[in-house]
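The values are calculated or read from the model by the stated rules, or taken from the named source; none is laboratory data. Just so you know, these numbers come straight off a predicted model, no measurement behind them. Glycine gets a Cβ as well: all are built from the backbone with ideal geometry, and neighbour counts include every protein chain shown.
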Amino acid sequence: MSAKGRLFVVGTPIGNMEDVTLRALRVLATVEILAAEDTRKALHLLSHHQIAVGNRRLVSFFAGNETAREQELVSELLAGKTVALVTDAGMPGISDPGQGLVAAAHAQKIPVEVVPGPSAVLHALVVSGLPTQRFLFVGFPPRDEGPRLALFGSLRQEPGTLVFYESKERVAHTVGDLAKVLGERRQAVVARELSKLFEETLRGTLGELSQKLVAQPVRGEITLVVAGAEEGALCDGEAAQLDVEQEVRKRLLRGETAKDISTALTVLTGQPRRKLYQLALHVRATDVSLSSASEERS
């Protein structure tokens with residue numbers, strides 16, 4: 001029985017093609033199988049650094065075929081093959097395919113070797129000038145408003161610097177939502193086209209950046225860095241001490257709709273909007289005082 005192979009997880013440039021290590025180039029030049037998120041981009045990287053494809057096998061490995069390809073690659077690794085995993089840019093497994101394959105390799109006791117490389121998360125964090133002692137990588141926020149507001153609400157009292165990925169089409173809306181949930185005075189940085197020719201960092205408060213991005217939309221790959229909650233904010237206990245059901249009742253008595261209440265409390269508590277909406281409907285249907293108030297208004 002042949003010895004097990006080795007899985008190499010290789011970091012590749014996020015923009016500047018010179019940002020690749022000698023070790024990464026050696027691995028890419030010697031492995032038997034190269035699994036790439038986009039084979040065309042992988043070929044461009046090899047060509048740029050004068051690495052011939054030769055006899056090595058080049059296979060696609062992206063979100064759409066990840067599960068099936070994992071089984072195939074693990075079989076190759078068990079047969080003694082060496083495999084390098086690369087994504088379009090940066091480190092595989094960070095908002096890109098790869099984590100499942102690494103876990104599958106570990107499950108079969110296949111050696112896994114990480115070849116470090118560029119990371120937009122660390123690049124943006126360092127260039128932001130915001131605190132780096134503690135940070136939280138959040139990735140891409142949900143597209144739907146309810147889950148997105150719930151996520152942002154859950155981060156209101158997070159003391160670490162927050163790092164997000166976002167598309168150019170949604171970044172203005174996302175920064176606006178963050179300003180609404182975390183407060184317009186939070187410091188933030190919008191970093192775009194990192195390590196590329198037109199790299200740019202926009203600095204300011206969330207409120208300022210929200211207005212700027214609406215007036216002047218940005219292009220390119222975007223990483224958003226937001227300051228964490230200040231120490232005083234962690235002690236106010238506003239959300240922690242909130243009696244959610246009582247707050248729902250109070251807002252219903254003021255005439256607010258279940259939809260408005262669920263949106264507002266999602267921002268405040270970080271709880272799912274659907275759950276809060278159902279709570280508002282339940283309280284409205286079962287609370288006698290609300291029925292009386294409704295009759296008085298009519």
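Within the bounds of region 145-159, is there any residue that is among the acidic types (Asp, Glu) and more than 18 Å from residue 269 (Cα to Cα)?
Scanning region 145-159 turns up no residue that is among the acidic types (Asp, Glu) and more than 18 Å from residue 269 (Cα to Cα).
Given the criteria hydrophobic (A, V, I, L, M, F, W, C), more than 24 Å from residue 123 (Cα to Cα) and out of contact with any Gly (no Cβ under 7 Å at 6 or more places or on another chain), does residue 22 qualify?
No, not satisfied.
Free of Cβ contacts under 8 Å to residues at least 40 places away in the same chain and surrounded by fewer than 18 Cβ atoms within 10 Å (Cβ to Cβ), is that true of residue 167?
no
For region 19-28, does any single residue satisfy the condition of being outside any strand (DSSP E or B), touching a Leu at 6+ places or on another chain (Cβ under 8 Å) and more than 24 Å from residue 192 (Cα to Cα)?
Yes: region 19-28 contains one or more residues that are outside any strand (DSSP E or B), touching a Leu at 6+ places or on another chain (Cβ under 8 Å) and more than 24 Å from residue 192 (Cα to Cα).
Tell me which residues, restricted to region 203-220, are surrounded by 19 or more Cβ atoms within 10 Å (Cβ to Cβ) and in contact with a strand residue (DSSP E or B) (Cβ under 6 Å, 6 or more places away or on another chain). Step through it out loud before you land on a result.
Taking region 203-220 first, the residues surrounded by 19 or more Cβ atoms within 10 Å (Cβ to Cβ) are 206, 209-210, 213.
Scanning region 203-220 gives 206, 209.
Tell me the residue from 105, 120 that is under 22 Å from residue 196 (Cα atoms), surrounded by 17 or more Cβ atoms within 10 Å (Cβ to Cβ), of a type outside the set (Phe, Trp, Tyr) and in contact (Cβ under 8 Å) with a residue 12 or more places away in the chain, please.
120
Could you give me the residue pairs with C-beta distances under 9 Å whose first residue belongs to region 69-81 and is closer than 14 Å to residue 97 by Cβ, whose second residue is among the hydroxyl-bearing types (Ser, Thr, Tyr) wherever it lies, and which are 6+ apart or on separate chains?
Taking only residues 6 or more apart or on different chains, the pairs are 69/60.
Restrict the check to region 72-88 and report whether at least one residue is in a helix (DSSP H, G or I), within 19 Å of the chain's Cα centre (by Cα) and within 28 Å of residue 221 (Cα to Cα).
Looking through region 72-88, none of the residues is in a helix (DSSP H, G or I), within 19 Å of the chain's Cα centre (by Cα) and within 28 Å of residue 221 (Cα to Cα).
Count, please, the residues in region 23-36 that happen to be within 15 Å of residue 118 (Cβ to Cβ) and either surrounded by fewer than 19 Cβ atoms within 10 Å (Cβ to Cβ) or at pLDDT below 95 (or both).
Residues that pass the stated criteria total 2.
Going through region 215-246 one residue at a time, which ones are part of a helix (DSSP H, G or I) and at pLDDT below 80? Can you show your working first?
First pass over region 215-246, keeping only residues part of a helix (DSSP H, G or I): 215, 231-235, 244-246.
Scanning region 215-246 gives 231, 232, 233, 234, 235.
Pull out all pairs, ordered by first then second residue, where Cβ-Cβ is under 6 Å, the residues are six or more apart or on different chains, the first lies in region 247-270 and is of a type in the set (Lys, Arg), and the second is assigned to a helix (DSSP H, G or I).
Once the first residue is of a type in the set (Lys, Arg) and sits in region 247-270, its partners that are assigned to a helix (DSSP H, G or I) give 249/283; 251/261.
Limited to region 154-198, what total is found for residues that are assigned to a loop (DSSP other than H, G, I, E, B) and either over 22 Å from residue 131 (Cβ atoms) or outside the structural domain of residue 133 (by TED's automatic domain parsing) (or both)? Show your work before the answer.
Of region 154-198, the ones assigned to a loop (DSSP other than H, G, I, E, B) are 155-160, 167-170, 183-186, 193-198.
Remaining after also requiring either over 22 Å from residue 131 (Cβ atoms) or outside the structural domain of residue 133 (by TED's automatic domain parsing) (or both): 167-170, 193, 195-198.
The number of residues fulfilling the criteria is 9.
Mind listing whichever residues of region 36-66 are in a helix (DSSP H, G or I), out of contact with any helix residue (DSSP H, G or I) (no Cβ under 7 Å at 6 or more places or on another chain) and not aliphatic (A, V, I, L, M)?
39, 40, 41, 44, 47, 48 - these are the residues of region 36-66 that are in a helix (DSSP H, G or I), out of contact with any helix residue (DSSP H, G or I) (no Cβ under 7 Å at 6 or more places or on another chain) and not aliphatic (A, V, I, L, M).
For region 98-112, state whether one or more residues are within 20 Å of residue 15 (Cβ to Cβ) and either in a loop (DSSP other than H, G, I, E, B) or at pLDDT below 95 (or both).
yes
Conditions (1) under 30 Å from residue 39 (Cα atoms); (2) not β-branched (Val, Ile, Thr); (3) not assigned by TED's automatic domain parsing to the domain that holds residue 205, marked per residue:
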position: 92; (1), (2), (3): yes, yes, yes
position: 95; (1), (2), (3): yes, yes, yes
position: 99; (1), (2), (3): yes, yes, yes
position: 108; (1), (2), (3): yes, yes, yes
position: 125; (1), (2), (3): yes, yes, no
position: 128; (1), (2), (3): no, yes, no
position: 138; (1), (2), (3): yes, no, no
position: 141; (1), (2), (3): yes, yes, no
position: 150; (1), (2), (3): no, yes, no
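Please go through region 127-163 and pick out each residue that is closer than 13 Å to residue 181 by Cβ, touching a Gly at 6+ places or on another chain (Cβ under 9 Å) and at pLDDT 95 or above.
162
Looking at (1) surrounded by 15 or more Cβ atoms within 10 Å (Cβ to Cβ); (2) modelled with pLDDT of 80 or more, which one does residue 259 not meet, given that it meets all the others?
Every condition holds for residue 259 apart from (1).
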